[in-house]
Every structure is written in structure tokens, then in C-alpha cells.
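Undergrad: Sending over a structure as C-alpha cells; questions will come in a sec.
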Amino acid sequence: MGLLEINWGNTLIIVGLGFGIVFVILTFLVFVLNIWQKLFTNNEPKMPKPKQTQKPTAKINDVAVIAAIAAAMAQTDNNADMAAIAAALHLYFEDEHDVESNVLTIKQHQTEWNRKSFLMKQTLIKK
């Protein structure tokens, strides 16, 4: 059977129908998934994100609260309670994140992985 004996008309029709069927099925799946999403997602309005506020600083009221907490801590004998209160106060009044310099400090150094003597490629040694 030679190249010219193939019925190219029927072959192109079959290929065109195959691509067309795949395209129609994929389009149908897109519509079904969009309808599925609309049916099964919550239609409740999204809550707006809270705005970033500045870190609170100690005020006169905060100093009075801290003094009251310190007095309460002096009356308790439970070390776990005192540690929890101290940790909460520390997180409230101190910065939670480190200040980074945004400078990369990666330095190349010789290891067993990047030595030329361990490469797989053989080099010619001149004498």
C-alpha cells in the first residue's frame, strides 16, 4: 500500500471529527464546572481585611494595667501562669519580627562537589 493509495479525504474527516468532539466535550466540562462552582460556593460577602495598625505603645492606662498584672503575678505561686502572662505581655509590647538587611550573603567555597579533580570528564595531562 503506497502513500498515494490512502484515502486522504476520509482521513481528514476522521481527524477533524476527533478534534471537534474533544473541543466540544472540553467546552461542556468548562460550563459544568462553572455551574458547579456557582451552586456550591458560599454567596456570603467576604469580610474586608483589617487594616494594618501601628504597634501599640505604652500609655498611662497601659502602665496601670501592667502594674495591676504585676501585683496579681506577685500573689500567684504558679510559675506556669506567670510565664504565660509574661509571654503575652512581651508579644503585645515587643516587635514580633526580626529586621532583615535584605542582603544576600551567599559565598562560594570549595567542597567535594565542585572540585575539578572529582569531575567525571577526563582531562588530558600534559607532561
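We did not get these values from a lab; they are worked out from the coordinates using the rules stated. Please read these numbers as outputs of a predicted model, since none were measured by experiment. FYI the Cβ positions are ideal-geometry reconstructions off the backbone, even for glycines, and counts take in every protein chain you see.
Undergrad: Run the quick spin-label model on Trp8 and Asn102: label points 7 Å from Cα toward the beta carbon, then report their separation in nm to one decimal.
TA: Reported label-point gap for Trp8 and Asn102 is 6.2 nm.
Undergrad: In addition: Given the Cα-Cα distance of Thr111 and Lys38 and 0.36 nm per residue of separation, how much length would full extension add, in nm?
TA: 20.6 nm
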